[in-house]
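Before any comments, here is the structure.
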Amino acid sequence: MMDNGYGNAVFLDDTALKAFMDPNHGQHVRARAFFLDLDDVERDFVSTSYIVFETHEWLRNHFGPAPAETFLSTIEQAMSKGKLSLISGNEQLEQEAKNLLAGCPQLSFTFGEAVTAVVVLAYQIRRIFTFNRNYQALAELQPGLRLIPSR
């Protein structure tokens, strides 16, 4: 297990970022409230470069280049202020995700979900902000994991 101080950070997945960035998303109000509430809290965020790449592409394809660039600028600002850390994708994460998929087919994760699961487990992250119900299975692998918002 790795410990780079991410245990108290909130992991941001793509569903949380997309809900926040899309005013027409069914969970936009909840996502916006979550981010605004955390503005007053001394809690940091962590995500992966994969999620940033995917969210940027999704924004560009659905809303055009301007919102996609605004998103990247916001990510860069959060990183420069030390509020967001990005874990870079690498071959080891990808191999561990493949191993998780092969070893736990009952989880029914996509490859991207498996990478997120590996990151959450490896860095002992205890909170994940997501609207993806598949991550409820992560609590079986990491007791004490809290999904935000709770169902």
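Structure notes:
- Helical contribution to [θ] at 222 nm, DSSP H n ≥ 4, -39,500 (n - 2.57), averaged over the chain, rounded to 500: -16000 deg cm²/dmol
- Here the 3J(HN,Hα) profile of the range 21-31, calculated from phi with Karplus coefficients 6.51, -1.76 and 1.60 at θ = phi - 60°, is 7, 9, x, 9, 5, x, 10, 4, 4, 5, 5 Hz, Gly and Pro shown as x.
- In terms of other Cβ atoms within 10 Å, SER47, SER150 run from fewest to most in the order SER150, SER47.
- Kirkwood Rh, angstrom, the range 70-151 [1 / mean 1/r, Cα pairs]: 13.9
- Cut-off under 5 Å, modelled amide H: who pairs with LEU84 long-range: PHE45, MET79
- Between THR110 and GLU76, the modelled label-to-label distance comes to 2.7 nm, taking each label 7 Å out from Cα in the direction of the beta carbon.
- Taking the chain and dividing mean pair separation by its residue count, relative contact order in percent (alpha carbons under 8 Å, at least six apart): 32
Here, each number is a calculation from the coordinates, and none is a lab measurement. Nothing here was measured: the structure is a model prediction, and the numbers come from that model. We place every Cβ from the backbone using ideal geometry, glycine too, and count neighbours over all the protein chains shown.
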